[in-house]
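Asker: Here it is, the structure in full.
The values are calculated or read from the model by the stated rules, or taken from the named source; none is laboratory data. Please read all numbers here as calculations on a predicted model, not as lab measurements. All Cβ positions, even for glycine, are placed from backbone atoms using ideal geometry, and neighbour counts span all protein chains on display.
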Amino acid sequence: MEQLEAEKQIQSMEEDPVAFIEVFLGRELSEKQKFFIRSTKHHKHLVAIWSRQTGKSTVIASYILWRLLYGKGQIINKEWMPEHIAIVAPIKDQIKNLYEKIQVLVNKSEFIASFITKMNTEVIKCKNSNEAKFLSASPGSQIRGYTATLIVIDESQDITDSKYNADILPFGATTNALVIEAGTPKTKNHFYQATQSKSILTIKQPWFECPFLSKEYVMGQKSLSPEALWRQEYLCEFMEEGVLAFPSILFEPEIKNGQRLWVCVKKGLLLWQV
Ligand SMILES: Nc1ncnc2c1ncn2[C@@H]1O[C@H](COP(=O)(O)OP(=O)(O)OP(=O)(O)O)[C@@H](O)[C@H]1O
Ligand SMILES: [Mg+2]
């Protein structure tokens with residue numbers, strides 16, 4: 001009986017991801033989180049530039065689950081393709097963070113859990129054939145080749161420009177996939193460029209617009225951290241390249257034999273090793 005009720009309730013939320021998250025998953029969303037989710041209906045590319053700890057990964061994880069359950073896929077070259085969601089983050093730990101957030105939501109309902117046929121930190125598969133694939137875009141990774149109907153990028157600012165442009169965005173080349181990016185400003189790399197594009201919707205959220213962030217904590221950070229870093233992390237301001245030791249316009253991180261190397265983009269010179 002409970003199963004039947006859950007099934008009816010879940011069907012009624014087909015058109016409304018916000019209701020699904022708030023009513024079915026029991027998670028109250030902030031106004032910015034609601035706006036972000038609702039904007040997915042009318043835009044092909046969204047960028048959330050939000051202060052630290054303001055619910056970026058949470059809203060992304062919730063939307064992914066809704067799309068896994070309700071997404072209808074699309075017709076590509078006269079063939080139906082179920083949802084193929086590429087979930088991308090700069091390193092494996094961030095992938096794990098997103099995976100755990102999705103897992104918490106799945107565990108909230110037996111009905112949702114029964115709908116999932118496979119779930120691990122590489123892939124989630126559902127009974128309706130929809131799937132989500134977790135991809136770590138660390139500099140040495142090989143992630144080319146996936147075709148996606150939805151591309152979700154968390155902590156986008158930490159992905160190198162070459163990974164972003166040459167590996168990740170082409171996942172949506174045949175599908176014209178919706179792209180969702182979230183992050184906090186860093187340097188004037190692709191994440192900054194996206195905010196300058198007229199065809200991309202940028203949704204900004206400095207710390208004071210978030211209802212659940214502690215003012216005391218943020219002010220404490222202000223007195224402890226360098227001013228430029230605090231403004232970047234909590235006011236979402238992009239720093240001028242001159243403030244940084246390794247501006248991304250000149251250097252890109254590269255992982256070799258487990259070590260992070262800083263390489264000069266233009267000349268290919270190894271400059272620093274940590
Ligand atoms: N709508 C909400 N209401 C209350 N708490 C929330 C809401 N959304 C997220 N949170 C909580 O706020 C905290 C930060 O959330 P989350 O990790 O999603 O933020 P983030 O912006 O991704 O953080 P980071 O900048 O560290 O990546 C978590 O404890 C999460 O449970
Ligand atoms: Mg996060």
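Asker: Of all residues in region 1-50, which are of a type in the set (S, T, N, Q) and in a helix (DSSP H, G or I)?
Answerer: Hits for region 1-50 are Gln3, Gln9, Gln11, Gln33, Ser39.
Asker: Among the numbered criteria (1) out of contact with any strand residue (DSSP E or B) (no Cβ under 8 Å at 6 or more places or on another chain); (2) surrounded by fewer than 13 Cβ atoms within 10 Å (Cβ to Cβ), which single criterion is violated by Lys118?
Answerer: If we test Lys118 against (1) out of contact with any strand residue (DSSP E or B) (no Cβ under 8 Å at 6 or more places or on another chain); (2) surrounded by fewer than 13 Cβ atoms within 10 Å (Cβ to Cβ), just (1) comes out false.
Asker: Going residue by residue through region 107-123, is there one that turns out to be within 28 Å of Phe35 (Cβ to Cβ) and either of a type in the set (D, E, K, R) or within 14 Å of ligand 1 (Cβ to nearest atom) (or both)?
Answerer: Checked against the condition, which is being within 28 Å of Phe35 (Cβ to Cβ) and either of a type in the set (D, E, K, R) or within 14 Å of ligand 1 (Cβ to nearest atom) (or both), region 107-123 yields at least one hit.
Asker: Follow-up question, since we're still on this one. Given the conditions (1) modelled with pLDDT of 95 or more; (2) more than 16 Å from ligand 2 (Cβ to nearest atom); (3) touching a helix residue (DSSP H, G or I) at 6+ places or on another chain (Cβ under 6 Å), which single one is not true for Ile143?
Answerer: Among (1) modelled with pLDDT of 95 or more; (2) more than 16 Å from ligand 2 (Cβ to nearest atom); (3) touching a helix residue (DSSP H, G or I) at 6+ places or on another chain (Cβ under 6 Å), the lone unmet condition for Ile143 is (1).
Asker: A further question follows. Sort out which residues of region 84-129 are touching a Pro at 6+ places or on another chain (Cβ under 8 Å) and either closer than 24 Å to Ser156 by Cα or in a helix (DSSP H, G or I) (or both), and write them in order of number. Break it down into steps so the answer makes sense when it comes.
Answerer: Initially, region 84-129 is screened for residues touching a Pro at 6+ places or on another chain (Cβ under 8 Å), giving 128-129.
Passing the criteria: none in range.
Asker: Before we move on, is Ser62 touching a residue at least 12 places away in the same chain (Cβ under 8 Å), more than 15 Å from the chain's Cα centre (by Cα), within 15 Å of ligand 2 (Cβ to nearest atom) and closer than 30 Å to Met219 by Cβ?
Answerer: Details: touching a residue at least 12 places away in the same chain (Cβ under 8 Å): yes; more than 15 Å from the chain's Cα centre (by Cα): no; within 15 Å of ligand 2 (Cβ to nearest atom): yes; closer than 30 Å to Met219 by Cβ: yes.
No: the conditions fail for Ser62.
Asker: Which of (1) touching a residue at least 24 places away in the same chain (Cβ under 8 Å); (2) more than 19 Å from Thr40 (Cα to Cα) is the odd one out, the single condition Gly145 does not satisfy?
Answerer: (1)
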